[in-house]
Amino acid sequence: MSTTKQDTDYKTNRIRGPLNSWMFKVLSGYLDHLFGKSKRTLFKDHPDTVVEIGPGAGANMRYLRKGTRLIAIEPNVHMHNNLKKAAKKYGINLDIRTIKGESIDLEDNSCDFVVSTLVLCTVSDPEQCLQQVKRILKPSGTFVFIEHVKARDNSFLSLFQKLVHRPWHWFFEGCHTNRDTQSVLESSGFSSLELIPYNLYSPFIPIIPQIRGRAIK
Ligand SMILES: C[S@@+](CC[C@H](N)C(=O)[O-])C[C@H]1O[C@@H](n2cnc3c(N)ncnc32)[C@H](O)[C@@H]1O
């Protein structure tokens, strides 16, 4: 297990950081109940090395084969302990990079498979992050994603997303309830994009509208 620190300007709150890490760890069983089926489909037949943007407390490790090398692009140091614990639990060979998805320290055309779940809502610059994903993917490499997105204009969910945006953004350290991640993905220049919009009903009302799918470089 290794940790590389190259970007020290990422600021996380010393109360909200550990609280979010704890919360995502505690919720991991519930997240599996919500997302397990989709994740098992998206991660099926993944290669031996996987790059994950914003793995948080390690919610996706349970879907990876034992012995997988996971390059974890996770700038929030408060997530790292739980990431390491999850790696031990699921037999994952973890390589943590304390850097942002907008500036990944991997070679061009060097990766087969990149994952992000519930992350493009939070990165400061989703366009740049996706350009980085494209840059590091080999030709025909795959990016799989599950993200919550902006609700349909003038809907109840759109109003609700607007109402809770400020406290939500504050508590979840930069998460945008109503980011138009679908448009960002559609304009990011992948050679093919398979994207399914759907509503995932749960008590987390602002994140009911979601997309999932895969993009090929
Ligand atoms: C809502 S959590 C999702 C965690 C995990 N992917 C999951 O599905 O449970 C968002 C994660 O994105 C990370 N993150 C925030 N900004 C980031 C950035 N610029 N680059 C990479 N990860 C980032 C956060 O630290 C956090 O771990």
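The values are calculated or read from the model by the stated rules, or taken from the named source; none is laboratory data. Owing to the predicted nature of the structure, the values given are computational and were not obtained by experimental measurement. Backbone-built Cβ (ideal geometry, glycine too); neighbour counts: all protein chains shown. Heads up: the accessible areas ignore ligands, DNA and RNA and are worked out on the full protein's heavy atoms, side chains in. Shrake-Rupley method; radii C 1.70, N 1.55, O 1.52, S 1.80 Å.
Some points to look at:
- Which listed residue is out of contact with any Cys (no Cβ under 8 Å at 6 or more places or on another chain), open to solvent by less than 20 Å² (accessible area, probe 1.4 Å), more than 9 Å from the ligand (Cβ to nearest atom) and modelled with pLDDT of 95 or more, from L130, L137: L130
- Residues within segment 166-184 that are closer than 16 Å to L120 by Cβ and within 16 Å of the ligand (Cβ to nearest atom), tallied: 12
- Residues of segment 105-127 satisfying the condition of being charged (D, E, K, R), farther than 23 Å from D45 by Cα and either near the ligand (Cβ under 9 Å from one of its atoms) or assigned to a strand (DSSP E or B) (or both): D125
- Some residue of segment 191-202 being within 16 Å of the ligand (Cβ to nearest atom), at negative phi, modelled with pLDDT of 95 or more and out of contact with any Lys or Arg (no Cβ under 8 Å at 6 or more places or on another chain): yes
- Of the residues making up segment 188-216, just one is open to solvent by 60 Å² or more (accessible area, probe 1.4 Å), over 27 Å from M23 (Cα atoms), in contact with a helix residue (DSSP H, G or I) (Cβ under 9 Å, 6 or more places away or on another chain) and touching a residue at least 24 places away in the same chain (Cβ under 8 Å), namely R214.
- Count of segment 135-152 residues which are under 20 Å from F43 (Cβ atoms) and not in a strand (DSSP E or B): 1
- First in segment 17-45 and closer than 14 Å to R214 by Cα, second anywhere and open to solvent by 30 Å² or more (accessible area, probe 1.4 Å), Cβ under 6 Å, 6 or more apart: S38/R212
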